[in-house]
Each structure stands twice: as C-alpha cells, then as structure tokens.
Amino acid sequence: MKPQRIISSIILIVSFAAIFGFGFWAGKTQVVCRVCAPETVNFSLFWEAWNKVHDIYVNPADFDTQKLIYGAISGIVKSLDDPYTVFFTPNQNKEFLEDVGGRFEGVGMEIDIKDNQLQVVAPLEGTPAERAGIRAGDKILKIGDRSTTDITVEEAVSLIRGKKGTEVTLQIFRKGWDAPKEIKIERDVIIVPSLKLEFKDDIAYLKLYQFSENANSDFAKTAAQILNSSANKIVLDLRNNPGGYLEVAQSIAGWFLEKGQVVVIEDFRDEKNELVYKASGNSSLLDYPIAVLINQGSASASEILAAALRDSRGIKLVGETSFGKGSVQELVTLTDGSSLKITVADWLTPKGEHIKKVGLKPDFEVKLTEEDAAGGKDPQLEKAIEILK
C-alpha cells in the first residue's frame, strides 16, 4: 500500500483539516495492524505514573482511560517540537479526511505555527475570513478569551471551528499596526474551488486555490480552454494557496514541464535515501511564457510547483517570499481510527535547495498593501503582466 504523502500541514479552519498544503500523496491509508512493544524501551516509569494517577487522583470519575491514552500519544509527538507531527483522535481524523473534499463549515482560512506564533497562512477567497479582512501573515494573539501562547494548531482549530451562524472573535496583530485589533467572524458553510480562469487580452490568468482532489480534472478542463483560446501567455497565481495533494502538484507540473524533468526531491533521514518525483504529463503548456505569483500564503505544494517551474524553465516568480513549508508528512491510521501525521522527510527543489523556514524569494519583489487591497489594485498581477508583455 502506498502511504499518503502530506506536504502541507496548514490547518483549514473550516472544520478541522489541514489542506497544507496540507498536501497528500494519494493512496490507501497505511494501517498499523500489529503492534509490538520495543525491546529497547523501559515503560515501567510510564506505568508507575499511570497507576499513581489512577490510585490517588482526587476525582476518580475524571479518569477516562481512552482520553488518557490519547493524551499520552499527543504528549509523545508534542515532545518532538515539530508542529507538523501531530496526533488526531478518530473524530479529528475523520474531519481531516472529509475536509479535503472541499466543503466545510467554519471561517475559511489556514493557520499554522511560525516562529512560535500562531498565524494565518491564508484566508480562502469568498469566505467569512476574507470578508472580515483577515490577511496572510496576520498573527492570532487570542481566540475568544484564550491566549495563543504555547497553543497547538489542533487546539486552535478546535476553538475556531464551529457551526454555521455562530461567531468567533480573534485578536489579530498585523505588521504595520500600532496595536492588536479584535475581529469578529461569523462561521458559514465553506465551498472551496480549486481554480479560476480569466482571459486578459492574450494572457490567460489562472488562479489555483489549492491542490485538492478535484484540481486535477478541473485543471485538465481549464488547460483545454487555454489551448483552444487566442491566449499565448499565462499568469499562474499561487498566492494564498496552502497546498494539497502532492500527486496533484506533480500532475499539474507535467502540463508545463518536459516529461522526466524533476518536480521535487524528498530527502529522508537516511542521507543516501532520496525519492525524486518527475513530471509525467503531456507538456501541452510547455511553450507558453509564464509568470508565477507567490506570497507568504503560498505554501507546500504551491511552493513545490513554483520552484519546479523556476528551476526547470527559468520562470520568474513575482510577489513576496513564500511561507517556507519544506517538510513531508506521512499519514498513518491506527487501529481505532485515530491517526498520526509524522514528518518523514524534507523536500528539496529540483536544484537541491532547502526552503524550510526560508521560503521561495521572488525574482521581482512587489508588495501588496492594505491600500491596494482596499482600492481593488493588484500591483503584483500588474507586474506579472508587464513581464510577459
């Protein structure tokens, strides 16, 4: 069985899921069917602590065995100090997998921990978060009355997500502000599109929102529209794209690259063990001049596609430095339906560069200010069009 590859840990605050990007390698979930205690580990201290809690804790009614087991597992992965290695209870795992389908209830944004601070990776277009003015890079200081100091992404998700019609208040701080502001957001049903196509004279403007399950087929239809149009250039907009399925990113790259060109390299803990993913598509868009838009909301699979086009075709990146999600996770389903999302490798660009915590730097840095957004201006897109013309 081929395990799911997750190249995005960004949490989509619409139910529970990480789309990150949340990127997966499609395939059956790996199931752990038989478990043996490791011979090299002495668990006597664990059981000593377990028995003490069971014997003398003041409120024995609170002693929920299953909850304690899940808490112990969560403690194991949390001690690794890796925000991308996490434990999901059965309900959380179910929501995680359902959310990738593209329809949820919540506020419609991705969050992650960066530099020990909970922050917004990107609001999704047309969602309550975007309408409320949330922007990529916003730092979330409080969720309701709860401070986000030392909070995990999963804890933040549980506090932010909720049913349609209910509200959540976030205390936000943004670069350039003198003080934090409280933003109240009403939750709604979120339907996430995979892409949007517009024609601007002889330029096809293609906005990819995420590398979801449907993105492959949607892209094939959109590519056919481009090929049958008078457009002879493409602006590929990956801004605020948190990622998705790795195989979808690899497949879409195949439309732009020659067959066999490297898309991404996985670098495992064994230095001699590397896995190279190559383009295997029809290369139908190979001859189109392209400019790629990125910003700090571009993460994981979108960074992989942008880097592949830059390294293999010399395509220029326009906008702002991307998020910097440079590791790969594997989703392992446990026997009771809970799961572990475990970091198993770093990923490298085709030229062998690490981008973890660094991101992709644009060839043409163009800021998008609040004044631009409020006035409906898009200097980043304007620059991309200028480069192509």
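Considering segment 232-261, the residues that are more than 18 Å from the chain's Cα centre (by Cα) and among the charged types (D, E, K, R) include one that is nearest to ILE290 (Cα to Cα), namely LYS233. Between SER302, SER322, the distinction of being assigned to a loop (DSSP other than H, G, I, E, B) and hydroxyl-bearing (Ser, Thr, Tyr) belongs to SER322 only. Residues that are under 17 Å from THR349 (Cβ atoms), in contact (Cβ under 8 Å) with a residue 60 or more places away in the chain and not charged (D, E, K, R) within segment 250-285 comprise GLN261, VAL262, VAL263, VAL264, ILE265, PHE268, LEU275, listed in sequence order. Beta carbons closer than 8 Å, at least 6 apart along the sequence or on distinct chains, pair a first residue in segment 142-168 that is without any contact (Cβ under 8 Å) to a residue 40 or more places away in the chain with a second that is crowded, with 19+ Cβ neighbours inside 10 Å and among the acidic types (Asp, Glu) for GLY165/ASP188. Has segment 188-195 got at least one residue that is surrounded by fewer than 17 Cβ atoms within 10 Å (Cβ to Cβ) and not hydrophobic (A, V, I, L, M, F, W, C)? No, there is no match, as no residue in segment 188-195 is surrounded by fewer than 17 Cβ atoms within 10 Å (Cβ to Cβ) and not hydrophobic (A, V, I, L, M, F, W, C).
Each row is one residue, and each column tells you yes or no for (1) modelled with pLDDT of 85 or more; (2) crowded, with 21+ Cβ neighbours inside 10 Å; (3) outside any strand (DSSP E or B); (4) aliphatic (A, V, I, L, M).
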{"site": "ILE73", "(1), (2), (3), (4)": "yes, no, yes, yes"}
{"site": "ASP81", "(1), (2), (3), (4)": "yes, no, yes, no"}
{"site": "ASN91", "(1), (2), (3), (4)": "yes, no, yes, no"}
{"site": "PHE104", "(1), (2), (3), (4)": "no, yes, no, no"}
{"site": "ASP112", "(1), (2), (3), (4)": "yes, yes, no, no"}
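The set of residues in segment 130-155 being aliphatic (A, V, I, L, M), part of a strand (DSSP E or B) and touching a helix residue (DSSP H, G or I) at 6+ places or on another chain (Cβ under 9 Å) consists of ILE140, ILE143. Only residues that are out of contact with any Leu (no Cβ under 6 Å at 6 or more places or on another chain) and in a strand (DSSP E or B) were counted across segment 208-233, and they come to 1.
It is to be established whether one or more residues within segment 255-273 are of a type in the set (Gly, Ala, Ser) and surrounded by fewer than 20 Cβ atoms within 10 Å (Cβ to Cβ).
yes
In the condition set (1) in contact (Cβ under 8 Å) with a residue 40 or more places away in the chain; (2) part of a loop (DSSP other than H, G, I, E, B), GLU247 is compliant with all but (2).
Identify, please: which residue in segment 165-183 is in contact with a strand residue (DSSP E or B) (Cβ under 6 Å, 6 or more places away or on another chain) and among the β-branched types (Val, Ile, Thr) and is, among those, surrounded by the fewest Cβ atoms within 10 Å (Cβ to Cβ)?
Within segment 165-183, the match that is surrounded by the fewest Cβ atoms within 10 Å (Cβ to Cβ) is THR169.
Within segment 65-72, at least one residue is closer than 30 Å to VAL189 by Cα, touching a residue at least 40 places away in the same chain (Cβ under 8 Å) and over 24 Å from the mean Cα position of the chain (by Cα). Restricting attention to segment 369-380 and to residues that are under 16 Å from VAL318 (Cβ atoms) and touching a Gly at 6+ places or on another chain (Cβ under 9 Å), the residue that is modelled with the lowest pLDDT turns out to be THR369.
The values are calculated or read from the model by the stated rules, or taken from the named source; none is laboratory data. Not measured: the values here are computed from a predicted model. Cβ atoms come from the backbone with ideal geometry, glycine included; neighbour counts cover every protein chain shown.
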